[in-house]
Amino acid sequence: MTATATHTVRTFDQVAVGDALPALSYEVTATTVVLGALASRDWRPQHHDYAFATKRNGVKDIFLNSPNQAAWLERFVTDWTGPRGRMGRLGFRMLDSIFPGDTMTFTGTVTSAESDETGCGWVGIDITVAVGDRTCTTAKARIALPSSPDDNPWSRKGENWKP
Amino acid sequence: MSGVPPEIEALIDVPQYDEVSEFPVERGYIWTSCASVENGNPLFWDDAVADELTGGPIAMPSMISNWFRPHYWAPGRDVQPMPLQVHFDLKESLGLPEAVMSDNTVTYYEPVRVGDVLRTCQKLRSVSAEKQTKLGTGRFWVIDVEYRNQRDELVGIESWTGFGYRREAAA
């Protein structure tokens, strides 16, 4: 038995355009914001200093930093794909800040599923991060999925990896 | 007319700040980053899975910019270096004291492995005309960061869109 046999393996043939990823909701606290900022080595005060954020930036509280939002987005997508899913591209736009006390909800829909000329199966996903009715972040992910349970997109290199 | 000063126009597409990370990629940060978002992907927690899929432990791809953020403090350092220094240079040169990042896109190539020492360079891609937003009046700019490992393999290209601005005076 392989080490990954007990983990989720979502293969390319199991995915269709229009599929929805399982939603993820999370209650953000000040610890979420500060832990995320320090984990990503972001020392800027608006991510840990309430007085700076409110008085200097003019926002209501400290807020999630960009690299930590990327980490949340990666987690949201790979929860669905399993460890064989390999991110090729991740882009996001922050429209509004996410603050302590917010419950952020990630939703995602498959927008494309196609193989490239090397046989690598690519899935495009549109993601929204919302707090109630407020859309805070929109994102697009392009992730490679295995063509079979034994395929491993992580083994692709050079000309065989076209993210 | 964008009204961008010529000395800033001259920097567009010019590689700047060719830098080597201050420390090698290490697992403590990988685990802390996974913990910060409750990411249980076994690729980052289970050595057998990492050995099978990636030939050893790797970092979460989304951590790519972590590895070139300078220490908050280091011996003999008088001025705190900034990550994405081109962004802070633009704030200074354009007289825009506040800034936010709005868009980020990363294309991932070779995985970042534990022990890697990354090298980066930054390129200013564009600066907009002055715009008015709810934050204030300022300019958008796009900065690309290219990441390579110690084997000179491309590991990622990151593109940031920033907005530098002045807050409007209270009425």
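The values are calculated or read from the model by the stated rules, or taken from the named source; none is laboratory data. Not measured: the values here are computed from a predicted model. Cβ sites come from the backbone with ideal geometry, for glycine too, and all protein chains shown count toward neighbours.
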Which residue, of B:LEU84, B:LEU124, is among the aliphatic types (A, V, I, L, M) and in contact with a strand residue (DSSP E or B) (Cβ under 6 Å, 6 or more places away or on another chain)? B:LEU124
A:ASP79 versus (1) within 11 Å of chain B (Cβ to nearest Cβ); (2) buried (at least 23 other Cβ atoms within 10 Å of the Cβ): which is the lone unmet condition? (2)
Mind listing whichever residues of the stretch B:97-128 are away from every other protein chain (no Cβ under 14 Å), in contact with a Lys or Arg (Cβ under 7 Å, 6 or more places away or on another chain) and more than 26 Å from B:VAL25 (Cα to Cα)? B:VAL127, B:SER128
Please work out which one of (1) over 17 Å from the mean Cα position of the chain (by Cα); (2) in contact (Cβ under 8 Å) with a residue 12 or more places away in the chain is the condition A:ASN57 fails and give its number. (2)
Answer yes or no: is there a residue in the stretch B:146-167 that is within 11 Å of chain A (Cβ to nearest Cβ), within 22 Å of B:GLY28 (Cβ to Cβ) and under 15 Å from the mean Cα position of the chain (by Cα). yes
In the stretch A:1-53, what count of residues is obtained for those that are surrounded by fewer than 14 Cβ atoms within 10 Å (Cβ to Cβ), at pLDDT 95 or above, over 17 Å from the mean Cα position of the chain (by Cα) and under 22 Å from B:ALA35 (Cα atoms)? 2
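On the given criteria, is B:ALA170 at pLDDT below 95 and part of a loop (DSSP other than H, G, I, E, B)?
So B:ALA170 passes the test.
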Out of the stretch B:63-105, which residues are surrounded by 13 or more Cβ atoms within 10 Å (Cβ to Cβ) and of a type in the set (A, V, I, L, M)? B:MET63, B:ILE64, B:MET82, B:LEU84, B:VAL86, B:LEU90, B:LEU94, B:LEU96, B:ALA99, B:VAL100, B:MET101
Leading residue by the ranking (nearest to the other protein chains (Cβ to nearest Cβ)) among those in the stretch B:24-62 that are assigned to a helix (DSSP H, G or I), touching a residue at least 24 places away in the same chain (Cβ under 8 Å) and surrounded by fewer than 19 Cβ atoms within 10 Å (Cβ to Cβ): B:THR54
Taking the stretch A:20-43 on its own, how many of its residues are more than 9 Å from chain B (Cβ to nearest Cβ) and not small (Gly, Ala, Ser)? 9
Answer with yes or no whether A:ASP133 is without any contact (Cβ under 8 Å) to a residue 24 or more places away in the chain, surrounded by fewer than 21 Cβ atoms within 10 Å (Cβ to Cβ) and under 25 Å from A:VAL17 (Cβ atoms). no
